[in-house]
Amino acid sequence: MIIKKSIIFCILILFTSSCGFKVVNYNELLNFQIDQINTTGNKFINYKLKNKLLKFTNNSKVKLVNIDFETKKEKTIKERNIKNEITKYQLTIMLDVKLYLVGQTETINFKIQQSGDFSAANQYSQTLDNEKKLIDTLVESLYNKILENLINYSNEL
């Protein structure tokens, strides 16, 4: 009985340990260098996105990419209380991105939209802080999606 269990255990270890999974080196996927970033739209969001993307301007990679993006921010009322006071806002950031590979005429366009909610506080300054925190989290997710699309498109080209 013990021998059967040990044989089954060894076979199970053998099959599960050699599954062929390989961890992808993230740096190998980043085979591009951002040459130029042009922005239009909301200056605050553009500033944050541009600073995050500037990490890829000093690489010594072969493919040079120019990026143009336009941001739009919409702030709408989501909830009101019984006294008709605003209690929650919904913030939507729309991003229209155009990628140009230097030396080629082909452009790649894609749109990204992120939205989230923030609550209105008793003090206006606290409401603005809540909005800025939400913008930071939305910009981070937009940055990740831009980077994901950049990796996909640069590897295709």
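Taking the condition of being closer than 18 Å to Glu74 by Cα, of a type outside the set (Asp, Glu) and out of contact with any Leu (no Cβ under 9 Å at 6 or more places or on another chain), how many residues in the range 98-129 meet it? Show your work before the answer.
Residues of the range 98-129 closer than 18 Å to Glu74 by Cα: 111-120, 127-129.
Keeping just the survivors that are of a type outside the set (Asp, Glu) gives 111-116, 118-120, 127-128.
Narrowing the set further to residues that are out of contact with any Leu (no Cβ under 9 Å at 6 or more places or on another chain) leaves 119-120, 127-128.
Count: 4.
Scanning the range 1-41 for residues that are at pLDDT below 75 and either on the phi > 0 side of the Ramachandran plot or not in a helix (DSSP H, G or I) (or both) yields Met1, Ser18, Cys19, Gly20, Phe21, Lys22, Val23, Val24, Asn25, Leu30, Asn31, Phe32.
The values are calculated or read from the model by the stated rules, or taken from the named source; none is laboratory data. Treat the numbers as computed from the prediction; the structure is a model and nothing was measured. Please note: Cβ atoms are built from the backbone with ideal geometry, for glycine as well, and neighbour counts cover all protein chains shown.
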